[in-house]
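So the structure is just underneath, and the comments pick up after that.
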Amino acid sequence: MILIDGKKAAAELREELKKEVIQLKSKYNTVPGLTVILIGELAPSKIYVKNKEKSAIEVGLKSEVIRYPETVDEKTVLNKINELNNDVNVSGILVQLPLPKHINKQKVIETILPSKDVDGFHPMNVGNLSSGYESSVPCTPLGCYLLIKKIEPNLNGKKAVVVGRSNLNGKPMTQLLLKENCTVTITHSKTKDLKGECLKGDIIIAAVGIPELVKGDWVKKDTIVIDVGINKTEKGIVGDVAFEEVSKVAKAITPVPGGVGPMTIACLLKNTIECFKRIQK
Ligand code: GUN
């Protein structure tokens, strides 16, 4: 069984990105810049944003965090996004989710210039990805995809089962796997015989937010299992996969924590660099 080391893969990716930033600096005399907008005081959001800032600086990007109190009005945020859209020093804009209820998430996402949308959440990027055109790709599925490709470079004809249908993970994950010629089944919490569906997968991506849903007898031998879940339980943080059981049958599996998580942030940096390069073109 291969334990997929997301920390190591992310560190390797950051090293590559660091080199690329040096090259870009010598070519354009400037480096890509990432601006994150953080609204409110949610602890997990604050931790994510701190990690993003630290990693951005580590690879040599310009990094800025704009903080607003929970009570900030929508107009202020939209005006700031428009200002950042027009700022040549800003290559990528990320508004940390979730947002307070009085701020319309869709409006916020649609205000970000698609070419600076490092999350790949703008409908233009979602559409381009599903049409197979160049686009920003959401960071978590992109990280999963890179981990899968490390284990199995040729995904032609593989059966992939995506558990979860969110805009953040399940749907973009499906698009990436389709591009690689996988046969993809999208399942979710209401799927009949989820176990039967999972048993058909050469690759399983669990991104449904149900602690330890995918069991040992749901997985056939030689399957690659990617666990996107981060669930707080009495026994601590667990994924959407019952790790102990599944690791006995799977060919390769990501741990939680230390699997997909570190790759998500590294992919955000990658996306920021990609946005910079597309703008320069
Ligand atoms: N909150 C949790 N994950 C994410 C993410 O990938 N992007 C944004 N913008 N907010 C998040």
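Exactly one residue out of Ile93, Ile66, Ile81 is over 28 Å from Ala206 (Cα atoms), within 16 Å of the ligand (Cβ to nearest atom) and in a strand (DSSP E or B): that is Ile66. Surrounded by 15 or more Cβ atoms within 10 Å (Cβ to Cβ), within 16 Å of the ligand (Cβ to nearest atom) and of a type in the set (S, T, N, Q): does that describe Ser115? Against the criterion (surrounded by 15 or more Cβ atoms within 10 Å (Cβ to Cβ), within 16 Å of the ligand (Cβ to nearest atom) and of a type in the set (S, T, N, Q)), Ser115 does not qualify.
Total residues in segment 96-111 satisfying the condition of being more than 10 Å from the ligand (Cβ to nearest atom) and in a loop (DSSP other than H, G, I, E, B): the figure is 5. Would a scan of segment 53-61 turn up a residue that is more than 16 Å from the ligand (Cβ to nearest atom) and closer than 18 Å to Gly120 by Cα? No, the conditions are met nowhere in segment 53-61.
Here Met1 clears all of (1) touching a residue at least 60 places away in the same chain (Cβ under 8 Å); (2) surrounded by fewer than 19 Cβ atoms within 10 Å (Cβ to Cβ); (3) out of contact with any strand residue (DSSP E or B) (no Cβ under 8 Å at 6 or more places or on another chain); (4) aliphatic (A, V, I, L, M) except the condition numbered (3). With the structure loaded, tell me whether Ser130 is closer than 22 Å to Lys220 by Cα and out of contact with any strand residue (DSSP E or B) (no Cβ under 7 Å at 6 or more places or on another chain) or whether it fails that test. Answer is no for this residue.
Among the residues of segment 225-281, those that are outside any helix (DSSP H, G or I), under 18 Å from Pro172 (Cα atoms) and within 14 Å of the ligand (Cβ to nearest atom) comprise Val228, Gly229.
Filtering segment 192-210 to residues that are in contact with a Cys (Cβ under 9 Å, 6 or more places away or on another chain), assigned to a loop (DSSP other than H, G, I, E, B) and within 25 Å of Thr233 (Cβ to Cβ) leaves only Ala207.
How many of the residues making up segment 38-48 are surrounded by fewer than 18 Cβ atoms within 10 Å (Cβ to Cβ) and in a helix (DSSP H, G or I)? The qualifying residues number 5.
Laboratory data are not the source of any read-out in this text; all were calculated from the coordinates shown. The structure presented is a predicted model; accordingly, all values stated were derived computationally and were not measured. Don't worry about glycine lacking a Cβ; one is built from the backbone with ideal geometry, like all the others, and counts go over all protein chains shown.
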